[in-house]
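A short worksheet on the structure shown next.
The values are calculated or read from the model by the stated rules, or taken from the named source; none is laboratory data. Here the structure is a predicted model, which is why all the values come from computation and not from measurement. Note that we place each Cβ from the backbone using ideal geometry, even for glycine, and neighbour counts take in every protein chain shown.
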Amino acid sequence: MQILITVAVISTITVLLAAILTIAERYILNYGTCVIDINDDKKLEVKGGGSLLSTLNEQGIFIPSACGGRGSCGLCKVAVLSGGGPLLPTEKPYLAAEELDKNIRLSCQVKVRENIKIQIPKALFAIKSYNVTVQKIEDLTHDIKTLYLKLADEQIMDFKAGQYIQIKTPRYAKVKEEVYRAYSIASTPSHKDEIQVIIRKVPQGICTTYVFDYLKQGDTITLNGPYGDFYLRDTQKEVICIAGGSGLAPIKSILHQMAEQGIHRKTTFFFGCVSKQDLYYQAEMQHFEKTLPDFQFVPALSAPKPEDNWQGETGLITEVADRYIKDGANTEAYLCGSPGMVDACVSVLETKGMPKESIFYDKF
């Protein structure tokens, strides 16, 4: 007990010191004006002190980030050619050896304290910010909602099925900073003036708390995008989709694309939930089974309740996929879910002979 108390005290002190240092750096230290040189083509004069990710964001240049700059997703990678300070221990787990050789950094961990020179893909200059109106909020389960969002002023977003956006959460209640969180698009890409996203409530989550407890129909929010290379490849291979929870969103968008464009490929969608109360969009998946030739929806419950009277597949979704998939040599997979689920699925698919380059995923 004494050891636990000591660990708790040390952890609390560490968190408090980190918070004090962050506040001091932001409001007391003055790094003056710094220049960010982008691709030897664009120079930005900015106020020093903030993270490279947030500073670029303020300048209308949006770097992909699923975690909102907390250093836990590893998506906000840029090449830092000079400036930016030393590589941090918080970055190393997300960077491969070849990335380290190319001076790739996590932009959320790099501080703009001096002139800095970076390289980013030109495609990121096409990422735009949009104001959208919340047309409808639909309860799907006890902890999952769909937001129906309408772009303002006849704007359109040209996105690929499977990509994601970042929603800005404004200041509210005790939340004093605006933050961004990433959510996959669930709607069809043929409707370019409206976006659907599926959001699962995260305990104490800044964005999900705002969505579940504060956001109302008719409100206006800001988002940017689209991001990501999670989209259906133009091949004739059999398609395996695996998702859990709100990870259904990009798969739903891809299925809309297949139905609208007449893409007829053998497709199996494995969807994992805990119990029957966590299942949603079953009717829509059954509709896809009727309209898409050779499409099969396989929901599975890992811990069905007695009152569920469940007659379908049971077990972890990786176990179910393992039972169904016999040979992955001529297939490609699209996975969306938690990092642990995605990693476990990749291991199963590789044991079935599926090439690593044929496995595509988003970890959220």
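From the list SER187, SER253, SER246, which residue is small (Gly, Ala, Ser) and touching an Asp or Glu at 6+ places or on another chain (Cβ under 8 Å)?
Details: SER253 fails: touching an Asp or Glu at 6+ places or on another chain (Cβ under 8 Å); SER246 fails: touching an Asp or Glu at 6+ places or on another chain (Cβ under 8 Å).
Step by step, each of SER187, SER253, SER246 is checked, and only SER187 is small (Gly, Ala, Ser) and touching an Asp or Glu at 6+ places or on another chain (Cβ under 8 Å).
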- Note on the structure: Of (1) in contact with a Phe, Trp or Tyr (Cβ under 9 Å, 6 or more places away or on another chain); (2) closer than 30 Å to LEU87 by Cβ; (3) in a strand (DSSP E or B), VAL134 fails just (2)
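Quick one: which of LYS102, LYS111, LYS145 is in contact with a helix residue (DSSP H, G or I) (Cβ under 9 Å, 6 or more places away or on another chain), surrounded by 12 or more Cβ atoms within 10 Å (Cβ to Cβ), farther than 30 Å from GLY244 by Cα and among the basic types (Lys, Arg)? First the steps, then the outcome.
Working: LYS102 fails: in contact with a helix residue (DSSP H, G or I) (Cβ under 9 Å, 6 or more places away or on another chain); LYS145 fails: farther than 30 Å from GLY244 by Cα.
On inspection, the qualifying residue turns out to be LYS111.
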- Query: Among (1) out of contact with any Asp or Glu (no Cβ under 7 Å at 6 or more places or on another chain); (2) more than 27 Å from THR146 (Cβ to Cβ); (3) at pLDDT below 95, which single condition is LYS356 missing?
  - Reply: (1)
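For region 164-177, state whether one or more residues are in a strand (DSSP E or B) and out of contact with any strand residue (DSSP E or B) (no Cβ under 6 Å at 6 or more places or on another chain). First the steps, then the outcome.
Looking only at region 164-177, we keep the residues that are in a strand (DSSP E or B), and these are 164-169, 172, 175.
Retained after the next criterion (residues that are out of contact with any strand residue (DSSP E or B) (no Cβ under 6 Å at 6 or more places or on another chain)): 172, 175.
Yes, region 164-177 has at least one match.
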- Message: Looking only at region 35-46, count every residue that is part of a strand (DSSP E or B) and either closer than 19 Å to VAL179 by Cβ or among the acidic types (Asp, Glu) (or both) and tell me the total.
- Response: 2
- Task: Considering only residues that are out of contact with any strand residue (DSSP E or B) (no Cβ under 6 Å at 6 or more places or on another chain) and of a type in the set (D, E, K, R), look in region 63-101 and name the one that is nearest to ILE167 (Cα to Cα).
- Result: ARG70
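Can we say LEU232 is surrounded by 14 or more Cβ atoms within 10 Å (Cβ to Cβ), modelled with pLDDT of 95 or more, in contact with a helix residue (DSSP H, G or I) (Cβ under 6 Å, 6 or more places away or on another chain) and not in a strand (DSSP E or B)?
Numbers: surrounded by 14 or more Cβ atoms within 10 Å (Cβ to Cβ): yes; modelled with pLDDT of 95 or more: yes; in contact with a helix residue (DSSP H, G or I) (Cβ under 6 Å, 6 or more places away or on another chain): yes; not in a strand (DSSP E or B): yes.
Judged against the criteria, LEU232 is a match.
Tell me the residue from ILE242, ILE198 that is assigned to a strand (DSSP E or B) and either over 12 Å from the mean Cα position of the chain (by Cα) or free of Cβ contacts under 8 Å to residues at least 24 places away in the same chain (or both), please. Even if it seems obvious, please write down each step before you answer.
Values: ILE198 fails: either over 12 Å from the mean Cα position of the chain (by Cα) or free of Cβ contacts under 8 Å to residues at least 24 places away in the same chain (or both).
Being assigned to a strand (DSSP E or B) and either over 12 Å from the mean Cα position of the chain (by Cα) or free of Cβ contacts under 8 Å to residues at least 24 places away in the same chain (or both) holds for just one of ILE242, ILE198, which is ILE242.
Among the residues in region 278-286, are any in contact with a Lys or Arg (Cβ under 8 Å, 6 or more places away or on another chain) and either over 24 Å from SER358 (Cα atoms) or of a type in the set (Phe, Trp, Tyr) (or both)? Give the derivation first.
The initial filter retains those residues of region 278-286 that are in contact with a Lys or Arg (Cβ under 8 Å, 6 or more places away or on another chain), namely 281, 284.
Now narrow it down to the ones that are either over 24 Å from SER358 (Cα atoms) or of a type in the set (Phe, Trp, Tyr) (or both): 281, 284.
Scanning region 278-286, I find at least one residue that is in contact with a Lys or Arg (Cβ under 8 Å, 6 or more places away or on another chain) and either over 24 Å from SER358 (Cα atoms) or of a type in the set (Phe, Trp, Tyr) (or both), so the answer is yes.
From LEU215, LEU248, which residue is at pLDDT 95 or above and within 15 Å of the chain's Cα centre (by Cα)?
On the way: LEU215 fails: within 15 Å of the chain's Cα centre (by Cα).
Criteria check complete, one pass: LEU248.
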